Amino acid sequence: MSRILIVEDEKRIARFLELELQHEGYEVLLAEDGRSGLDKILQDRPDLVILDLMLPEMSGIEVCRRARRETDVPIIMLTAKDDVSDKVMGLDIGADDYMTKPFAIEELLARIRVGLKKHRADGVGAAHEGVLRAGGLELDPVSYEVSYQGKAINLTKKEFDLLHYLMAHAGEAVTREQLLKDVWEYGFAGDTNVVDVYIRYLRQKLDVPHHLHSIHTIRSVGYMFRMDADRDEGKDAQENG
């Protein structure tokens, strides 16, 4: 039986989620503030966390940031704001998914199933994946390390997952919808702007400082990873224009 921790200070919402999850056969843990939520994450080791963004004692953002230092437990963040910056912030510091209040319980349950399934699959298969290499770029899916010509590149978890996917599909044009589905695990037409934001983050950390052109924009389609030895500024401007 999977254990799910709900970190939510609104008692009505917390109780509703508790009953629904228990009905689905999950064991449920509850925390009403960020500090006790973090303690339960680190001490009780739940299989998945539903984490509200706005919490007393400690914000959901800070809870997620601190939890990520010690655990890779799937975290679904709840936010009352339908704002891309809030979503990006949550994903950037390690949340695996987010939902905006109010939400349909059926959708949340589906995302919980996806999060649990992916986490189990990652735990079983990660040790068997090999290091991906392209030119001087190396990505190790086991240690979550990325380097270029031996120099480490610091990426967030979501940036790492995105680069991993692109490198694993090198030479293929992948759509924004594919990336949402396979990297963000969204089984529906989500906000593709999140993909564009993270592509920009990767380019700023990988292409710009190392004078590369590895992440190509395929106009009207999506993106392609292809390592070019020399960056073609004219082509880059045309693709990103």
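Laboratory data are not the source of any read-out in this text; all were calculated from the coordinates shown. Predicted model, so just to flag it, every value in this text is computed and none were measured. Cβ: placed from backbone, ideal geometry, glycine included. Neighbour counts: every protein chain shown.
Results, tabulated for the structure shown:
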| item | result |
| --- | --- |
| Peptides 70-76, 41-47 ordered by average Cβ neighbours within 10 Å, highest first | 70-76, 41-47 |
| For q = 0.26, 0.27 Å⁻¹, Debye-computed log10 I/I(0) when each Cα of region 1-42 counts as one equal scatterer | -0.86, -0.90 |
| Cβ-defined net charge surrounding Ile93, 11 Å radius [Lys, Arg +1; Asp, Glu -1] | +4 |
| Violating pairs (Cα-Cα greater than 18 angstrom) within the set Lys40/Lys181; Lys11/Lys118; Lys181/Lys205; Lys87/Lys181 | Lys40/Lys181; Lys11/Lys118; Lys181/Lys205 |
| Approximate shape of region 3-126 as ellipsoid semi-axes (Cα gyration tensor, √5λ), whole Å, largest first | 18, 17, 15 |
| Packing-based exposure ordering (other Cβ within 10 Å, fewest first) of Met167, Met54 | Met54, Met167 |
| Modelled FRET efficiency - R0 30 Å, Asp44 with His23, Cβ distances, 0.05 increments | 0.90 |
| Charge tally in the Cβ shell below 13 Å around Ile13, where Lys, Arg are +1 and Asp, Glu are -1, Ile13 excluded | -3 |
